[in-house]
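Remarks on the structure that follows.
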Amino acid sequence: MENQRHIIVALVEDRPGVLQRISGLFRKRNFNIDTITVGKSERDGISRMTITLKADERTLNQVIKQLEKLIDVIKVEELDISKSVERELALIKIKTDSIQKRDEIIQFANIFRAKIVDVSKNSLIIEITGTPDKIDAFINLVKDDILELARTGVLAMRRGEGDYETGSKK
């Protein structure tokens, strides 16, 4: 069985310790999390957790079943990657020790529709949003000049109408 990339979205109670319990579940069962992003949802007291991982179908189903058993978890769903929108944010501090290097980085930022959010004498901080592949491509172009890198992890949402919890139209 081949490990494929999967996106799991979970609605969870917004309480202390929920993230720790979920990451502990992954650790105990020796599942690796590629990215995990948690934030408030459209409902008070409910957070939306987006987890990406590489797993075969059997492992993925086991992860989902284990997550559903946790008391603070309201709903768990695997998103179909082809029917979802996913985005990630990265902040990248890049060394620009010459005018030519600065111009080159600015051109790359423009091509990738990234924003320059900080300028200093010898560096730029670039904000780039997009799919993980887009961010990886940008990073590969500038990797020799990266001073610092911070990435958020994936956020994802099913395309089309209907909400996550019920699938119904609002």
In the stretch 112-155, which residues are surrounded by 11 or more Cβ atoms within 10 Å (Cβ to Cβ) and part of a helix (DSSP H, G or I)? P132, K134, I135, D136, A137, F138, I139, L141, V142, K143, D145
Take K101 and decide whether it is within 30 Å of H6 (Cβ to Cβ) and not in a strand (DSSP E or B). no
Pull out all pairs, ordered by first then second residue, where Cβ-Cβ is under 7 Å, the residues are six or more apart or on different chains, the first lies in the stretch 72-101 and is in contact (Cβ under 8 Å) with a residue 40 or more places away in the chain, and the second is of a type in the set (G, A, S) and not in a strand (DSSP E or B). E88/G153
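Yes/no matrix, rows are residues, columns are (1) among the basic types (K, R); (2) touching a residue at least 24 places away in the same chain (Cβ under 8 Å); (3) in contact with a Leu (Cβ under 7 Å, 6 or more places away or on another chain):
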site: L19; (1), (2), (3): no, yes, no
site: S23; (1), (2), (3): no, no, no
site: R29; (1), (2), (3): yes, yes, no
site: I33; (1), (2), (3): no, no, yes
site: I36; (1), (2), (3): no, yes, no
site: S41; (1), (2), (3): no, yes, yes
site: I46; (1), (2), (3): no, yes, yes
site: T52; (1), (2), (3): no, yes, no
site: D56; (1), (2), (3): no, yes, no
Search the stretch 1-39 for residues being acidic (D, E) and modelled with pLDDT of 90 or more, and hand back the single one that is surrounded by the most Cβ atoms within 10 Å (Cβ to Cβ). D14
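The values are calculated or read from the model by the stated rules, or taken from the named source; none is laboratory data. Bear in mind that the values here come from a model prediction, so they are computed numbers and not experimental data. A quick note on method: Cβ atoms are made from the backbone with ideal geometry, for glycine too, and the neighbour counts reach across all protein chains shown.
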